[in-house]
Amino acid sequence: MSQDDTRLSPPTGALRAPTRSDELRDQLEQMILDGRLAPGERLDEMDLARRFGLSRTPVREAIKSLLATGLVEIRGRQGTHVTLLSIPALIEMFDLMASLEGLCAKLAARRATVEQRAQMRRIHEDLIQAYKTGDPEAFYAINLQFHDLLYAAGHTHFIAEQTLQLRRRIGVYRLRVTYQPGRMFGTLSEHVRIMDAIDAGDSEGAQKAASEHVQLLGDQLTDFISSLPASLTRAQ
């Protein structure tokens with residue numbers, strides 16, 4: 001094979017086109033994350049196949065992928081359901097999320113580029129506008145962009161991926177925190193602390209600010225738990 005032939009060969013490990021199963025998995029995941037598929041809701045293969053105009057095979061494959069992420073669970077003869085978390089598990093996940101986000105912020109203070117730091121400020125301005133209009137759903141969506149950038153700014157793929165995966169697990173619950181009285185305003189002030197520490201290269205300060213931003217402690221934790229309807233949590 002000539003040198004030119006080598007250059008024209010497709011790269012090893014080229015990305016494959018998404019399958020119908022991949023597309024359905026992404027759709028179902030988004031529906032779980034935004035609450036359209038609620039915790040505890042049953043996922044019936046035949047119903048999903050009819051709803052999305054697919055055969056049962058890609059539906060089964062999509063559900064299998066979601067099982068691997070922990071977003072859905074199998075309950076014996078009751079079939080597959082959107083995962084329903086217990087209060088203790090939920091608290092543990094929020095505590096772990098606080099630690100992971102703190103680590104991401106610590107690394108971002110050391111590694112974030114000038115452009116990433118500027119982009120955080122721009123996203124924060126968008127958050128301020130969403131707060132002024134009193135739109136918690138828009139605020140939550142923009143807030144996700146801020147945290148996505150925070151993970152990326154640490155320039156460590158594995159930690160960022162683990163943090164994002166856990167965020168998906170508790171996404172619908174974290175969304176409800178946004179609706180707590182004063183939560184949006186609190187988020188804005190906490191983001192400023194995180195950004196200021198990152199801009200100053202203060203890794204310990206950034207870690208502390210980001211961890212406290214996520215962690216649910218004291219009255220805030222009590223308020224959050226009391227706001228959850230019984231349908232969103234399972235018995236101990």
Any chance LEU175 is within 17 Å of the chain's Cα centre (by Cα), surrounded by fewer than 19 Cβ atoms within 10 Å (Cβ to Cβ) and not assigned by TED's automatic domain parsing to the domain that holds GLN30
yes
Can you tell me which residue is surrounded by the most Cβ atoms within 10 Å (Cβ to Cβ) among those in region 77-87 that are at pLDDT below 90 and under 19 Å from ALA38 (Cα atoms)?
LEU85
Any chance region 104-118 includes a residue that's over 19 Å from the mean Cα position of the chain (by Cα), outside any helix (DSSP H, G or I) and touching a residue at least 24 places away in the same chain (Cβ under 8 Å)?
yes
With the structure loaded, tell me whether ILE63 is assigned by TED's automatic domain parsing to the domain that holds GLN165 and either within 18 Å of LEU164 (Cα to Cα) or buried (at least 19 other Cβ atoms within 10 Å of the Cβ) (or both) or whether it fails that test.
no
If you scan region 47-103, which residues turn out to be small (Gly, Ala, Ser), more than 27 Å from GLN207 (Cβ to Cβ), in contact with a Ser or Thr (Cβ under 9 Å, 6 or more places away or on another chain) and not in a helix (DSSP H, G or I)?
SER86
Being over 20 Å from GLN162 (Cα atoms) and exposed (fewer than 15 other Cβ atoms within 10 Å of the Cβ), is that true of even one residue in region 89-97?
no
Looking at (1) surrounded by 17 or more Cβ atoms within 10 Å (Cβ to Cβ); (2) over 26 Å from ASP223 (Cα atoms); (3) of a type in the set (Asp, Glu), find the lone condition where GLU101 falls short.
(2)
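The values are calculated or read from the model by the stated rules, or taken from the named source; none is laboratory data. Bear in mind that the values here come from a model prediction, so they are computed numbers and not experimental data. So basically every Cβ, Gly included, is an ideal-geometry build from the backbone, and we count neighbours across all protein chains shown.
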